[in-house]
1. Considering only protein heavy atoms and a 1.4 Å probe, what is the carbon-and-sulfur percentage of the accessible area of the protein assembly as shown?
2. Please build a GNM for chain B, connecting alpha carbons under 10 Å apart, and tell me which residue among B:Ala192, B:Ala30, B:Ala110 fluctuates the most.
3. Which whole number gives the average count of other chain Cβ atoms within 10 Å of the Cβ atoms across peptide A:130-140?
4. Among A:Val17, A:Val215, A:Val296, which one shows the biggest mean-square fluctuation in a GNM of chain A, springs joining Cα atoms closer than 10 Å?
5. Report the dimensions of segment B:11-211 along its three principal axes from the alpha-carbon atoms, largest first, rounded to Å.
6. Roughly how much of B:Ile91 is accessible, in Å² to the nearest 10, using a 1.4 Å probe?
7. Rounded if a/c is under 1.5, else prolate if a/b beats b/c, else oblate: with a ≥ b ≥ c from the C-alpha gyration tensor eigenvalues square-rooted, which is chain A?
8. Heavy atoms of the protein only, probe of 1.4 Å, neighbouring chains included. What is the accessible area of A:Leu295 in Å², nearest 10?
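The values are calculated or read from the model by the stated rules, or taken from the named source; none is laboratory data. Everything numeric in this text was worked out from a predicted model, so none of it was measured. Counting neighbours? That spans all protein chains shown, and the Cβs are built from the backbone with ideal geometry, glycine included. Each accessible area value is taken on the protein alone, full model and side chains, heavy atoms only, with ligands, DNA and RNA left out. Shrake-Rupley method; radii C 1.70, N 1.55, O 1.52, S 1.80 Å.
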Amino acid sequence: MIELDSVTKRYGDKTSVDRLSLTIPDNAITILLGPSGCGKTTTLKMINRLIEPTDGDIRIDGHSVYGMDPIDLRRSIGYVIQEVGLFPHFTVEGNIGVVPSLLDWDRGRIRRRAGELLELVNLDPSVYLRRYPRELSGGERQRVGVARALAADPRVLLMDEPFGAIDPINRRSLQDFFLRLQTDLKRTVVFVTHDIGEAVKLGDHIAIMRDGRLVQMDVTRALLEHPADAFVEELLGATRSTEQLLLYRAAHYVDTAFTVMTTEEMHRSGVEAEAPLIILKDGDDISGYVEKGLLVTCEDPQEAVCRFETVSGNATLLEAVTTLLESGRKRAVVQGPDGTILGTLSVPMVAEIMAKVAR
Amino acid sequence: MNAFQYLGRNWPGVSAKIAQHLGMVGVAVAASLVVGLALGIVVSRPRLQKVGRAIIGITGAAQAVPSVAVIALMFVYTGIGPRTAVIALSIYGVVPILFNVSSALLLVPADIREAARGMGMTPLQVLVRVELPLASQSIMAGLRTAVTIDVSTATVASVVGAGGLGDIIFIGLSVVRPDMIMAGTLLVASIAILSDVLLAFIQRSVVSRGLSIPS
Ligand SMILES: Nc1ncnc2c1ncn2[C@@H]1O[C@H](COP(=O)(O)OP(=O)(O)OP(=O)(O)O)[C@@H](O)[C@H]1O
Ligand SMILES: [Mg+2]
């Protein structure tokens, strides 16, 4: 957990960050969102002490960063800067190996780690390890930038518009990729952007800043549904069209009123008529669900393996709706990456979400 | 006699002059490099950037001062002998090195420097691992200029009694021996070319290939 406690940064008589208090939860992506010049980068750089605040305190897991050696602090935090900032005189391997080599890892270990990370960011190590940054496309550089930040396995990642300077299609695929990565890695990420679409898509939590102050911080969904004031409302305005369905993550909108049991348990207990929603899970597979006494399973119960279609929690609402419409079912079961059932989604639910958001 | 016959017949004496010449240049270049690098690094620190920019202006202009003038001036203070020559050459060689070092270091993008700091490099590590490698191309260019200038200027050092290949040329001049003048000139030119080729070779291994790729 990172706590910013009434942090202020003044340059002369200009106040860039003004008594900002913010708690950034562990293992989730927190977005700092706001118009250009509102103090996002300054805030981020105060966390790794590239900038010293005029006033206030910042604590990581309860320890003030001002009690730590700034060099050690920075080596323990992954940092992706605006415009990537790869070192042009180092190969990709050299770039990824910067922090590990500062930490005195031996060469073999650095090389293995670099290879591992390249695979993680979907670049073939045999092709890319020896390349120089200037031999990479913009999107590849951004991936290497992310890999470099992850090199020494930091728990905290600070990312300053990491996908900023890149075309929309590539940006979207990098965002998808980063979400998948985060599903496995579960780092504490502070992610700066002024792109509301990116914020809604990636953020578990969003903190909105204006003129150096915090305007609102909440989990993404709550923020979208209950903007604190006209400023937030206007900022979010850009997302309020049906097209933005593809920004909203299914996991944030599921109906969590359900019980899980095996088909056999259901038959034995005879609760199917009363329970509002039972999801049938036999072994690892979802066999179907029972809603108000009505059993919905896969088409052919005789089929050896009965696999009910499910939607990943990271999928967008658009994907969820598409799955629902294609299968013709009323509900889709939304699953986390490890197979846990997060809840269900239905077309009317999505319509309702859109109606709320599109007020 | 032509120049080659002269060289063949007087080889022992000529080789001693070559050694003197190389010695003067070697010591002077080493001194210039140490001083130029050190000063260049100091004046390119963020707090001294104003000084750095002034230095770039001064050294840029100073390159127009004729090398003979520096030798003549040093002669006034330290008199006859190789010491005068070496000091003059060192001072003269500092100029292009300092110019290139400070301008290249000041040109290292601030965001690259900040990325390095943000990843937990100490100031010394930022300098050694990032700034100097990024400036290496330009530093090598300054060094090559200094070497070329010193090799040719060391010839003039003969007039302050420093020895070297200038002796052959100036004696040839006074006794009107074109073969001697030609021999001395050829040797000075060859040393200049060979040392530059050698430095070009070193440059290739010192400067990262990543920097020569067009971006
Ligand atoms: N070194 C500095 N000296 C004076 N003012 C500064 C300095 N650095 C930043 N500022 C000012 O502080 C404010 C916040 O800057 P910051 O870089 O944090 O903005 P930002 O939210 O990251 O903007 P962007 O989205 O454009 O990157 C800006 O008004 C900027 O002009
Ligand atoms: Mg910024």
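1. Working: 15350 of 26240 Å².
Using a 1.4 Å probe with all protein chains present, the protein assembly as shown comes out at 59 percent carbon and sulfur.
2. Sorting by GNM fluctuation, first place goes to B:Ala110.
3. On the way: counts 1, 2, 7, 3, 7, 4, 0, 0, 0, 0, 0.
For this peptide, the per-residue mean of nearby foreign Cβ atoms is 2.
4. A:Val296
5. 67, 36, 22
6. 80
7. Working: a/c = 2.16, a/b = 1.52, b/c = 1.42.
It comes out prolate by the Cα gyration axes.
8. 90
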